[in-house]
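Worksheet: one structure, shown below.
Computed from the coordinates by the stated procedures, all read-outs in this text should not be read as laboratory data. Remember, predicted model here, so these are calculated numbers, not experimental data. Note that each Cβ is placed from the backbone with ideal geometry, even for glycine, and that neighbours are counted across all protein chains shown.
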Amino acid sequence: MQHSAPVAEDNVGQAPLKCVVDIDTSTAPPAEQFDLYRSWNASLVDITLLRDKYDAFPARQRVWRLGPLALLSLDYRGNGYRRRWSNRKDPVFDHWIMSVPLKLLPDGRTTDLGQFHWHSLAAPYDAEGEDDGTLALILPRDFAFSQRFDLAVRPEMAPMIIDYIQLLHQSLPQRTERNVEHIATATTSLLMACIAPSRDHLVEADEPVNAVIMARAKRIISAQLADRDLSPEKLCRDLNVSRSRLYRIFEPCGGIFNFIRRQRLLRTRDILADNRERRSISLIAEEWGFMDPSTYSRTFRREFGVTPKEAREVGRRLGLELSSFSGGDMNGNGPPSLNAVLANHCVMPHA
């Protein structure tokens with residue numbers, strides 16, 4: 001007797017990894033192709049041509065979702081137009097971008113890798129280029145929670161990151177959906193090793209152990225974030241570590257108290273940015289341990305640069321932009337867009 005169910009079970013996750021966004025400008029008349037290309041990521045950056053006349057602008061954008069990360073490939077070879085791009089003055093997203101401009105041969109092979117760039121979508125940023133394409137790794141804001149608007153990449157590590165992004169892109173056709181978690185973990189580990197800490201390095205021999213303790217502590221904090229009794233003493237008991245070691249591990253984040261407070265602020269920001277949420281700001285703040293509305297508002301603004309009320313308005317605007325965006329979304333309402341991919345792993349809001 002043949003049994004088909006186990007075969008189907010074994011095949012779960014074995015499907016090739018597919019890009020969740022695959023769009024090109026061929027759907028538009030030649031004279032309108034640049035405007036279509038520009039609209040793809042209008043919620044992230046403003047793009048302008050530094051030469052006014054063009055016959056066409058052939059371009060293709062693909063995005064692969066790798067857990068909380070995303071890999072973006074932009075191909076616009078042969079158009080010969082220098083472009084300027086800059087972050088939006090009223091940013092909707094606050095992700096980190098690590099990008100590498102490319103020079104490509106007609107057969108798609110890379111002939112040269114440009115200068116490695118990294119920046120936050122929430123910070124002012126301007127650049128120019130006349131390349132044939134771009135590979136970019138997009139990371140959620142809380143990937144490097146101890147650094148606000150700059151990632152201090154060790155200079156000697158930049159070539160390693162460039163090579164890794166290119167190799168990761170080249171390997172995706174051989175990957176399956178089951179590989180995603182491993183890819184995300186390996187990528188995160190590599191990048192964190194390349195980012196210089198803002199304070200003195202911990203003793204090198206302690207780093208692997210401390211990384212494990214921090215990961216366990218973050219899981220406990222996330223699970224108990226609403227608990228008013230959550231404290232360093234309780235964490236020490238749960239982790240079976242000394243208070244001094246816990247403080248030393250979280251020192252690069254500004255201390256354990258600061259880390260817990262920021263996670264609670266992030267949680268309130270997620271809720272405020274959900275356009276389905278109708279509770280008052282003070283009730284939401286109180287739920288997460290902020291009993292005084294004035295203190296909460298000042299702390300929130302100091303952390304994120306906007307007031308809780310402004311964060312709520314941005315969340316509603318984001319909801320409107322995603323629902324009306326011509327590229328569709330990730331819920332089956334038309335072709336998916338990069339906006340929807342990032343919204344699924346955006347510090348503000350969580351889907």
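Here is how the numbers come out for the structure above:
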{"read-out": "Burial ranking of peptide ranges 41-49, 27-35, 268-276 (average Cβ count within 10 Å, highest at the top)", "value": "268-276, 41-49, 27-35"}
{"read-out": "Alpha-carbon centroid distance for the pair the range 37-72 / the range 225-278, whole angstrom", "value": "37 Å"}
